[in-house]
Structure formats: structure tokens, C-alpha cells
Amino acid sequence: MSEYSEREKAVRAALAGVIDPELRRPITELNMVKSVTVGEDGTVGIEIYLTTGACPKKAEIVDMVTTAVADVPGTGSVTVNLDVMSDEQRTALRKQLRGEQGLSAEPVIPFAQPGSLTRVYAVASGKGGVGKSSVTVNLAAAMAGRGLSVGLLDADIYGHSIPRMMGTSDRPTQVESMILPPIAHEVKVISIAQFTEGNAPVAWRGPMLHRALQQFLADVYWGDLDVLLLDLPPGTGDVAISVAQMLPSAEILVVTTPQVAAAEVAERAGAIALQTRQRIVGVVENMAGLLMPDGTTWEIFGEGGGRQVAERLTRAVGSDVPLLGRVPLDPALVAAGDCGVPLVLSAPESAAGTELRAIADKLMARRRGLAGRSLGLDPAGR
């Protein structure tokens, strides 16, 4: 006789199609199915392990399991009971997801490893108020909408705004030392705002900023990402230096406005790549004129700033730094950030939405450089 009855096999097969909303892997693969019983009358009883008793997705998991099993032919009512993993089970889960990191005191940052295939874009600006975060969340949502696995790290510790702009108030779940980031619009999001109460300010010195960024990169379970976007704080301070140290292969994306004065400051933010030896992927000009009802464009903040930054950085670094796009000023872009639905999702065909999606497509189409990657070559004579 087989271990399971045919009906129970069908139920377990259905459970294999239930994807954990945080880990994005089948619950059967994660050993979250504790037991399955099927009565003679077709009633089904299922016990599911949660990673923690405070799991924020427990109701969602129950609904998904119930729906999946209810579709199995011959089944009747479905009862789902929840249990919590033991310490040993959580340890096994962490090892399954992350593997052993050895005895090193320093946590491992997966994106800094030679074999990493994740494209890392650090979005920078010379000053605040240029719409850097708006650009970042829209690029993340646009790439995720194209089917890429995307992570978004709010590295602007003092001026964090990413959770609101992504429409999530969920807090991360912790499995031992591993942090599971909330997911919004198919983007994995982590921010210091998810660890503070209300709108409490963060008053930290440089070493604390460095440690927080290190934890976000190493302790968070990002999974296999195609792209990781970091929303940097304005300027060239501690966080920009820490990113260069921890993620030397990260590429810098500079955001500016058309205003010449803002462009000069943005140029300094990009020029830090000369010191950190990072590559500048390009420049985005935000607030590039307001489209008027008669079809003309009102250049409220002047014009030419983005092109000026791109040209000067090209000369400074000795390689092409393209102007990737000019995003027009659009009140809907501000409203989208306030309501938590990026413009590329709420109004993808708008002028600003179209331009942002085009910029995302350019970043997706670029080939990843060889910097930091293992070429799989052995020294001669070995």
C-alpha cells in the first residue's frame, strides 16, 4: 500500500501549489504542512506550521490553503488549524533558505559575492526634494511588473519614506536572525520605518547607520533577486560610503531636476564614483516641465540640468553616462506616492508613467558588467 490514500495525495498535491506570501515558495517545500487527514465523507483536516505565532500572514495562509483544497474533487468541508514551528524547525528552515554562513563574525552580504547575478542600483541625488524616492519606487514597481524579482531597500535612514510610497504598513517577520521583508506590489521592501513606532525620528551617528545598512543587506532574506534598488539619502555622506564598501559592484543612478543649481549639486553626488570606483549607470531628470492643456510644456524649474549632469559626469569618469530619461512634472505622481500605488501601476499610460517605465526598461536591458564576478578561470599551469 502507498503511504497516502489517493485522495490525500491529491490534497497534498494541491497544497504544493500554495505559495507562502512572505517566502514566496511552496508551503510543502518549506515543511509547513504538519499533517493532512481525509475522512471517509471527504472532510479534510489540515495542520499548518507558522514560522512564528505572530505571523502577519496567518489569515491569508488559511484562506489560500482552504481555497486550494476545496478545489480537489471529492473533498468536503476543509478545516485548517495552525501550529508554530519549534526552535529546531526554525533553525532548519533558516539553513534551508540561507545555508550555513560559517563561523565568521561578519554576516554575509549575498549581493557582494563574486557569483551574485543581482543587479544593484544605488539611486542618489545631491540634495533633497528632487523626487529621488518617487523615481526609485516607480522603477522598482515597473521592473516587478515586467516579471523581475525586485528588492527595494530604503537606505535613507533619517528621511525614510519608501513604505508609505509603496503602500505597506506591514512589519517584517523574524525567523531567528533572519528577517523576512514585507512585499508590496510584488516588490520586497525593507526600511527602518518598519522597526520604529509611529513617525518617530531616527537620531543615529555614522556607525549605527553602517550597522543598520549591513543588517538590511545581510540579515534580510531577499531570495534570488534580479534587481536590488537602494534609495540613498541625499548627498555624499556616511551611507553612500558604506554602500561603496559593502556593495562595490553597485551602480549609481543619479536623479536631478532641470534646475542648473540642482544639477551642480547632483553632479557632486555622481562624482563620488570616482573615489569609490563604482560605475554610474546614468542620469534621470525629474520634474522636467509641466505639460499644459494646450500641449505646450511649462519649464517651471528651468531646463537642461539632466543633460548637463550627464555630460559633465561623462567627461569626469571617462566613459558614457547617458541621460536615461526626462520625467515630466505630474501632480498625479505626488498623489500616487501619498496613496501608496506607484504611478507606473495607477496610471501607466500617463506621460510620467510612460517615461518611468521606459527608464526601467533601459535599466533592465543593460548587460551586467564583469566587475566582482567570478570568471571560472584557473591560473595557468594548474
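Worth pointing out:
- Once segment 150-189 is narrowed to residues that are polar (S, T, N, Q) and within 22 Å of LYS95 (Cβ to Cβ), the residue that is modelled with the lowest pLDDT is SER177.
- Test for GLY340: is it at pLDDT below 85, on the phi > 0 side of the Ramachandran plot and either surrounded by 22 or more Cβ atoms within 10 Å (Cβ to Cβ) or not acidic (Asp, Glu) (or both): no
- Selection status of GLU285, in contact with a strand residue (DSSP E or B) (Cβ under 9 Å, 6 or more places away or on another chain) and not in a loop (DSSP other than H, G, I, E, B): yes
- VAL65 assigned to a helix (DSSP H, G or I), in contact (Cβ under 8 Å) with a residue 24 or more places away in the chain, in contact with a helix residue (DSSP H, G or I) (Cβ under 8 Å, 6 or more places away or on another chain) and under 30 Å from SER177 (Cα atoms): yes
- Scanning segment 68-86 for residues that are assigned to a loop (DSSP other than H, G, I, E, B) and either surrounded by 15 or more Cβ atoms within 10 Å (Cβ to Cβ) or basic (Lys, Arg) (or both) returns VAL72, THR75, MET85.
- The residues in segment 274-316 that are without any contact (Cβ under 8 Å) to a residue 12 or more places away in the chain and more than 20 Å from LYS127 (Cα to Cα) can be counted, and the count is 8.
- Odd one out for LEU117 among (1) assigned to a helix (DSSP H, G or I); (2) exposed (fewer than 15 other Cβ atoms within 10 Å of the Cβ): (1)
- Just one of the numbered conditions (1) surrounded by 14 or more Cβ atoms within 10 Å (Cβ to Cβ); (2) in contact with a strand residue (DSSP E or B) (Cβ under 7 Å, 6 or more places away or on another chain); (3) modelled with pLDDT under 90 is not true of GLY372: (2).
- The set of residues from segment 314-346 being over 27 Å from the mean Cα position of the chain (by Cα) and part of a helix (DSSP H, G or I) comprises THR314, ARG315, ALA316, VAL317.
- Test: residue in segment 33-47 that is assigned to a strand (DSSP E or B), surrounded by 15 or more Cβ atoms within 10 Å (Cβ to Cβ), outside the structural domain of VAL189 (by TED's automatic domain parsing) and within 29 Å of the chain's Cα centre (by Cα): yes
- Single residue of segment 310-323 satisfying the filter (modelled with pLDDT of 90 or more and β-branched (Val, Ile, Thr)) that is farthest from GLY289 (Cα to Cα): THR314
- Only a single criterion out of (1) surrounded by fewer than 17 Cβ atoms within 10 Å (Cβ to Cβ); (2) within 23 Å of the chain's Cα centre (by Cα); (3) not charged (D, E, K, R); (4) not in a helix (DSSP H, G or I) is not satisfied by GLY126, namely (1).
- Within segment 145-170, the set of residues being outside any loop (DSSP other than H, G, I, E, B) and either within 25 Å of LYS362 (Cβ to Cβ) or outside the structural domain of ILE190 (by TED's automatic domain parsing) (or both) comprises GLY145, VAL150, GLY151, LEU152, LEU153, ASP154, ILE162, MET165, MET166.
- Here segment 139-179 is the region considered, the condition is being without any contact (Cβ under 8 Å) to a residue 60 or more places away in the chain and out of contact with any strand residue (DSSP E or B) (no Cβ under 8 Å at 6 or more places or on another chain), and the residue that is nearest to LEU117 (Cα to Cα) is GLY147.
The values are calculated or read from the model by the stated rules, or taken from the named source; none is laboratory data. None of the values given here were measured: they were computed from a predicted structure. Counting neighbours? That spans all protein chains shown, and the Cβs are built from the backbone with ideal geometry, glycine included.
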